[in-house]
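The values are calculated or read from the model by the stated rules, or taken from the named source; none is laboratory data. Quantities reported herein were computed from a predicted structural model and do not represent experimental measurements. Glycine gets a Cβ as well: all are built from the backbone with ideal geometry, and neighbour counts include every protein chain shown.
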Amino acid sequence: MIMLEIKGLNVAYDKVQVLWDVSFNINEGEIVTLLGSNGAGKSTTVKTIQGLLKSRSGSIRFMDKSIGGLPAYKVVAAGISLVPEGREIFPKMSVLENLILGAYVPRARAKDLRDESLDWVFKLFPKLEERKKQLAGTMSGGEQQMLAIARALMSKPKLLMLDEPSLGLAPVLVLQVFDIIKKLNEEGVTILLVEQNVHHALGLSDRAYVLEKGRTILEGKGFELLSDKYVKEAYLGM
Amino acid sequence: MDLSVLLQILVWGLYAGCIYILLAIGLNLIFGVMKVVNFAHGELLMLGAYAAFWIYTLSGINPYLIIALAMILLGIIGVFIERLCFRPIMGTGKLNEIFLSLGLIYLFQNLAALLWTTGSRSIHSPYSDVSVSIGSIRLPLDYIIIIVFTILFLIAFQLFMKRTTLGRAMRATSQNREAAALMGIHVERMDMLSFALGSALAAAAGSLWLISGQIANPYMGSIPAIKAFAVIIIGGLGSIPGAIVAGLTLGIAENVLPLFIQSFVGLFGVSMSFTAWKDTIAFFILIIVLVIRPTGIFGEKGE
């Protein structure tokens, strides 16, 4: 069943068009990766889906409802959560307060539901429970990334979008992040991953789309793309 | 100088400080959430004072009970100002916001003059003749009530910001607007709320000012507003503890220092009053703080 369907999406910043007729879809339960070099329009795509940016034309449908043009807070309420590039945690709040804010949407806000979600994310990230009183801004980059993911999970999203979650992390932590993504997917969360770490991302994904200069130029199963001639040349340096 | 006189002036300073703190916290809140400097904040204090004046004159109930009504009224006016004036120009550049809020100063001052004339208004607190004796000093009861009121407001405000979902959402918006939107927070609504709350705090300052025996006129807001800006810069932009410390320091300093200087020059046989220098002292302190610590006493980014 198609969960998210993007058709003919055109997005521009002022007069500079960044996305050209981008179309793709994500089925329920999948891990889908958006590949592309810097400036290809990956972040723009997820931000537009989330409602942080407005599209010029095209349709975005989520669970059979149009969500194109809705403000971000309504998209979150509909069940899509974004872990933004650069983490964007609330630095002057404790880890726990960051997580509580993650459960702000009405559907997840009730105290008992929130405690349930807290148990869930603390099980996934035991370190966050140890650090729950610490100010988020004083944690290391890796811990902040874990917090950003955990915070996005607090709204119990049906679709989780992660924008370059491995960026700037040590190799060990990168593996940890990908492990978590896999685990989340097994627990039923559908995932849209934006990555430059092509090898890991494709190994994990059911399907992937390649964006270049704002257009979708390739689509395929994860492992197929790994051996695709173009992907090899452009992203794996082979 | 007599110790009891000094203590009395100290309390007077505390009382003046309370007014500055209430104004400064509202300004800080609006700046934190919307990143807009509301230069017309003093005019909200003025409108708050007039609101208290008219509610009192028309109803005659205890003026202290009127404060809540004046706050609600100004909160509603704040919502309108945010929706009609600031929201349409948000993101179009800082200069537009500055000129808009400067324009609002003259709009409100002239509107008040037109509606209620430029004459001074005052009301009579039922406790204006009551004073409390502590040892050898006598303190007006009104000053003590105002200090207690301010403390209660500050505690309630702090609890609201730290403990409630809405307060947390406002803090999140001021720390990172985009991340707040990603949490599902309706950030434009937080703008509206911060303006309403800031206006209500200004109304509290204005009505307390009036009840304590000060006069209201259309131009009464300018000086307290400038002092509140000084308080924010001295305390550190966005810092609530900073605003409290700076507000009290300023209130006390500008009342105590002129007397000190007077008795100091008195030692050299010069008899001269320095009370007219009161308003200068705020800016003298401001300049010293800016030279030594440009970010303010508690200054850093965030909240």
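Among the residues of region B:201-257, those identified as over 23 Å from B:L111 (Cα atoms) and polar (S, T, N, Q) are B:S212, B:S239, B:T249, B:N255.
For region B:93-121, a residue qualifies if it is touching a residue at least 24 places away in the same chain (Cβ under 8 Å) and assigned to a loop (DSSP other than H, G, I, E, B), and the qualifying residues are B:T118, B:G119, B:S120. Restrict the check to region B:196-215 and report whether at least one residue is in contact with a strand residue (DSSP E or B) (Cβ under 7 Å, 6 or more places away or on another chain), surrounded by fewer than 24 Cβ atoms within 10 Å (Cβ to Cβ) and outside any helix (DSSP H, G or I). Yes, because at least one residue in region B:196-215 is in contact with a strand residue (DSSP E or B) (Cβ under 7 Å, 6 or more places away or on another chain), surrounded by fewer than 24 Cβ atoms within 10 Å (Cβ to Cβ) and outside any helix (DSSP H, G or I).
Of the residues making up region B:151-163, at least one is under 30 Å from B:P218 (Cβ atoms), out of contact with any Pro (no Cβ under 7 Å at 6 or more places or on another chain) and surrounded by 21 or more Cβ atoms within 10 Å (Cβ to Cβ). If you check A:V172, A:V177 for being in contact (Cβ under 8 Å) with a residue 12 or more places away in the chain and either surrounded by fewer than 20 Cβ atoms within 10 Å (Cβ to Cβ) or out of contact with any strand residue (DSSP E or B) (no Cβ under 7 Å at 6 or more places or on another chain) (or both), only one passes: A:V177. Among residues of region A:96-106 being more than 8 Å from chain B (Cβ to nearest Cβ) and under 20 Å from the mean Cα position of the chain (by Cα), the one that is nearest to A:V189 (Cα to Cα) is A:A103. Has region A:216-225 got at least one residue that is buried (at least 23 other Cβ atoms within 10 Å of the Cβ) and under 14 Å from A:S37 (Cβ atoms)? Scanning region A:216-225 turns up no residue that is buried (at least 23 other Cβ atoms within 10 Å of the Cβ) and under 14 Å from A:S37 (Cβ atoms).
On the given criteria, is B:I185 within 18 Å of B:Y50 (Cβ to Cβ), touching a helix residue (DSSP H, G or I) at 6+ places or on another chain (Cβ under 6 Å) and outside any helix (DSSP H, G or I)? Walk me through how you get there before you give the answer.
Values: within 18 Å of B:Y50 (Cβ to Cβ): no; touching a helix residue (DSSP H, G or I) at 6+ places or on another chain (Cβ under 6 Å): yes; outside any helix (DSSP H, G or I): yes.
No.
Residue-level analysis places B:F53 among those that are aromatic (F, W, Y) and in contact with a Leu (Cβ under 9 Å, 6 or more places away or on another chain).
State whether one or more residues within region B:122-130 are surrounded by 13 or more Cβ atoms within 10 Å (Cβ to Cβ) and not in a loop (DSSP other than H, G, I, E, B). For region B:122-130, residues surrounded by 13 or more Cβ atoms within 10 Å (Cβ to Cβ) and not in a loop (DSSP other than H, G, I, E, B): absent.
On the basis of being away from chain B (no Cβ under 14 Å), modelled with pLDDT of 95 or more and touching a strand residue (DSSP E or B) at 6+ places or on another chain (Cβ under 6 Å), does A:I60 make the cut? Don't jump to the end; show me each part of the working.
Details: away from chain B (no Cβ under 14 Å): yes; modelled with pLDDT of 95 or more: yes; touching a strand residue (DSSP E or B) at 6+ places or on another chain (Cβ under 6 Å): yes.
So A:I60 fits the description; yes.
Consider region A:134-148 and keep the residues that are surrounded by fewer than 24 Cβ atoms within 10 Å (Cβ to Cβ) and among the aliphatic types (A, V, I, L, M). The one that is farthest from B:A172 (Cα to Cα) is A:M139. Within region B:133-144, the set of residues being surrounded by fewer than 18 Cβ atoms within 10 Å (Cβ to Cβ) and modelled with pLDDT of 85 or more comprises B:L141 only. A count restricted to region A:133-158 and to residues that are outside any helix (DSSP H, G or I) and in contact with a Leu (Cβ under 6 Å, 6 or more places away or on another chain) stands at 1. Inspect region A:148-162 for any residue being at pLDDT below 95, under 17 Å from the mean Cα position of the chain (by Cα) and on the phi < 0 side of the Ramachandran plot and give the result as yes or no. Checked region A:148-162: no residue is at pLDDT below 95, under 17 Å from the mean Cα position of the chain (by Cα) and on the phi < 0 side of the Ramachandran plot.
Only one of the listed residues (A:R107, A:R151) is within 15 Å of A:V95 (Cβ to Cβ) and touching a residue at least 24 places away in the same chain (Cβ under 8 Å). That residue is A:R151.
Out of everything in region B:163-207 that is within 18 Å of A:K92 (Cα to Cα) and small (G, A, S), what residue ends up being farthest from the other protein chains (Cβ to nearest Cβ)? Going through the qualifying residues, I end up with B:G167.
Going through (1) away from chain A (no Cβ under 14 Å); (2) touching a helix residue (DSSP H, G or I) at 6+ places or on another chain (Cβ under 6 Å) one by one, B:I155 falls short only on (2). In the set (1) of a type in the set (A, V, I, L, M, F, W, C); (2) within 8 Å of chain A (Cβ to nearest Cβ); (3) not in a helix (DSSP H, G or I), the condition left unmet by B:M220 is number (2).
Starting from residues that are at pLDDT 95 or above and surrounded by fewer than 22 Cβ atoms within 10 Å (Cβ to Cβ), keep the ones in region A:75-87 and report whichever is nearest to the other protein chains (Cβ to nearest Cβ).
We begin by selecting, within region A:75-87, every residue at pLDDT 95 or above; these are A:75-84.
When the remaining residues are screened for being surrounded by fewer than 22 Cβ atoms within 10 Å (Cβ to Cβ), the result is A:77-79.
Details: A:A77: 6, A:A78: 10, A:G79: 11 Å.
If we take residues in region A:75-87 being at pLDDT 95 or above and surrounded by fewer than 22 Cβ atoms within 10 Å (Cβ to Cβ), then A:A77 is nearest to the other protein chains (Cβ to nearest Cβ).
Taking the criterion of being assigned to a strand (DSSP E or B) and either within 7 Å of another protein chain (Cβ to nearest Cβ) or touching a helix residue (DSSP H, G or I) at 6+ places or on another chain (Cβ under 9 Å) (or both), the only residue of region A:63-74 that qualifies is A:K65.
When region A:180-232 is limited to residues that are assigned to a helix (DSSP H, G or I), in contact (Cβ under 8 Å) with a residue 12 or more places away in the chain and more than 25 Å from A:R87 (Cα to Cα), the one that is nearest to the chain's Cα centre (by Cα) turns out to be A:G222.
Determine whether B:S263 is surrounded by fewer than 19 Cβ atoms within 10 Å (Cβ to Cβ) and touching a residue at least 24 places away in the same chain (Cβ under 8 Å). Steps first, please.
Details: surrounded by fewer than 19 Cβ atoms within 10 Å (Cβ to Cβ): yes; touching a residue at least 24 places away in the same chain (Cβ under 8 Å): yes.
Yes.
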